[in-house]
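The values are calculated or read from the model by the stated rules, or taken from the named source; none is laboratory data. Not measured: the values here are computed from a predicted model. Neighbour counts are summed over all protein chains in view; Cβ atoms, including those assigned to glycine, are modelled from backbone coordinates with ideal geometry.
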């Protein structure tokens with residue numbers, strides 16, 4: 001009798017996790033080729049780090065994108081950003097629809113899991129909306145940026161720079177091509193007081209961070225707020241509150257910083273709006289994060305920790321997770337069993353999942369910070385920069401205090417794991433690695449246990 005063949009079970013979460021891994025490995029092979037770098041080949045660890053950062057729409061990089069990578073390397077990075085931003089399953093679905101094979105039930109389920117919403121019957125419509133909506137927003141954003149970039153860089157490069165930064169902003173990646181272009185520094189420091197560039201980039205970041213299902217609901221309701229789904233209303237309210245509160249706090253905390261000397265109130269407000277927006281997983285900056293006050297630094301870490309919305313191009317624990325934990329905490333303090341938001345009740349199991357995500361996120365950040373501080377020499381792996389870089393990596397933010405280029409191989413591998421985990425999702429990765437077990441029928445006896 002022939003021995004039975006072992007067939008690993010490919011559940012939907014493993015499918016998603018391996019999909020991103022394949023994209024990352026392919027990208028790293030392309031970036032390690034000599035034509036990708038201006039000065040010959042790049043070390044594989046750095047090519048892998050850049051591929052992970054681009055595919056996971058993070059923005060951390062061991063090199064300046066403009067000065068290290070050639071046009072070929074930059075285009076590879078741009079394609080990885082677009083692929084990572086829209087999601088692996090979106091491109092699988094596009095491919096299947098293009099060759100007219102249709103979408104199987106398994107593919108539809110994976111797409112729903114990837115986008116955090118939708119129905120089996122509506123997946124095809126969701127894919128079309130994602131593609132059309134994304135490219136429309138990116139095109140409009142690039143066209144607006146051309147107004148400023150074409151005079152600064154010329155027609156050809158101005159259009160290219162506009163497209164690159166529009167895609168990077170919408171996908172919440174934070175990669176930029178400004179290194180070596182201006183004396184003020186990389187990223188968008190040169191345009192810190194330019195309302196056109198700042199507000200366009202902010203709008204792209206916010207739209208990308210809201211999520212594709214939120215767009216669909218708003219589109220279906222034709223902007224009638226009363227017709228929006230309960231989930232959409234909560235996300236829009238919490239997201240707006242975080243943006244406004246973050247802006248006001250940055251205005252307050254950074255009011256005496258030397259970097260803002262000579263700026264009027266409008267320019268300071270513009271900088272505060274950008275800081276509040278970009279900290280939610282974008283990675284661009286108009287003021288170097290190293291110049292933040294201690295309170296501004298901590299606020300940035302908190303915003304990076306929270307991140308954007310589920311099913312979007314953003315990372316972090318997600319706005320929905322934060323909302324469930326906050327309302328669950330209030331319910332406990334009020335002595336209520338149910339978690340009520342407005343006139344609706346939230347399933348109690350969601351609080352358990354939200355707390356699991358929060359705890360896992362926190363443990364991963366602390367573990368990574370400890371490891372980086374332990375292996376890096378004194379002056380490189382100091383706690384403040386290591387914590388900032390770890391939260392930025394797991395939250396797929398990309399903001400940096402200039403630590404990444406100075407890190408050794410081991411610390412870069414730690415950040416690679418964080419970026420991959422942050423993009424795939426802690427729950428998705430946990431379900432992918434976990435073995436399926438049968439539910440225990442017999443429930444254990446309850447005993448007293450004290451907390452708090």
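For the stretch 408-452, the tally of residues that are assigned to a loop (DSSP other than H, G, I, E, B), closer than 22 Å to residue 374 by Cβ and modelled with pLDDT under 90 stands at 0.
What single numbered condition from (1) in contact with a strand residue (DSSP E or B) (Cβ under 6 Å, 6 or more places away or on another chain); (2) touching a residue at least 24 places away in the same chain (Cβ under 8 Å) fails to hold for residue 331? It is condition (2) that residue 331 fails.
For the stretch 367-383, which positions are at pLDDT 90 or above and surrounded by 13 or more Cβ atoms within 10 Å (Cβ to Cβ)? Listed by number, the residues that qualify are 367, 368, 369, 370, 371, 372, 373, 375.
Every residue, every condition in (1) more than 16 Å from the chain's Cα centre (by Cα); (2) touching a residue at least 60 places away in the same chain (Cβ under 8 Å); (3) assigned to a loop (DSSP other than H, G, I, E, B); (4) surrounded by fewer than 24 Cβ atoms within 10 Å (Cβ to Cβ), yes or no:
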{"residue": "250", "(1), (2), (3), (4)": "yes, no, no, no"}
{"residue": "259", "(1), (2), (3), (4)": "yes, no, no, yes"}
{"residue": "262", "(1), (2), (3), (4)": "yes, no, yes, yes"}
{"residue": "268", "(1), (2), (3), (4)": "yes, no, no, yes"}
{"residue": "283", "(1), (2), (3), (4)": "no, yes, yes, no"}
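Of the helices (runs of 4 or more DSSP H) entirely within the stretch 52-132, those holding at least 1 residues that are at pLDDT below 70 and under 18 Å from the mean Cα position of the chain (by Cα) occupy 88-98, 105-115. Only a single criterion out of (1) farther than 21 Å from residue 72 by Cα; (2) modelled with pLDDT under 90; (3) surrounded by 14 or more Cβ atoms within 10 Å (Cβ to Cβ) is not satisfied by residue 174, namely (1). Considering the stretch 154-238, the qualifying helices (runs of 4 or more DSSP H), each wholly inside and each with 3 or more residues that are farther than 30 Å from residue 263 by Cα and under 20 Å from the mean Cα position of the chain (by Cα), run over 212-221.
Scanning the stretch 206-225 for residues that are within 22 Å of residue 344 (Cα to Cα) and out of contact with any helix residue (DSSP H, G or I) (no Cβ under 9 Å at 6 or more places or on another chain) returns 223, 224. Between 290, 312, 295, the distinction of being part of a helix (DSSP H, G or I), at pLDDT below 95 and either over 24 Å from residue 61 (Cα atoms) or touching a helix residue (DSSP H, G or I) at 6+ places or on another chain (Cβ under 8 Å) (or both) belongs to 295 only. Taking the stretch 384-411 as the range and being over 22 Å from residue 43 (Cα atoms) and either touching a residue at least 40 places away in the same chain (Cβ under 8 Å) or surrounded by fewer than 22 Cβ atoms within 10 Å (Cβ to Cβ) (or both) as the test, the residues that pass are 384, 387, 388, 391, 392, 394, 395, 396, 397, 399, 401. A count restricted to the stretch 215-241 and to residues that are modelled with pLDDT of 80 or more, surrounded by 15 or more Cβ atoms within 10 Å (Cβ to Cβ) and closer than 28 Å to residue 147 by Cβ stands at 2. Looking across 360, 323, 356, one residue alone is surrounded by 19 or more Cβ atoms within 10 Å (Cβ to Cβ) and within 20 Å of the chain's Cα centre (by Cα). It is 323.
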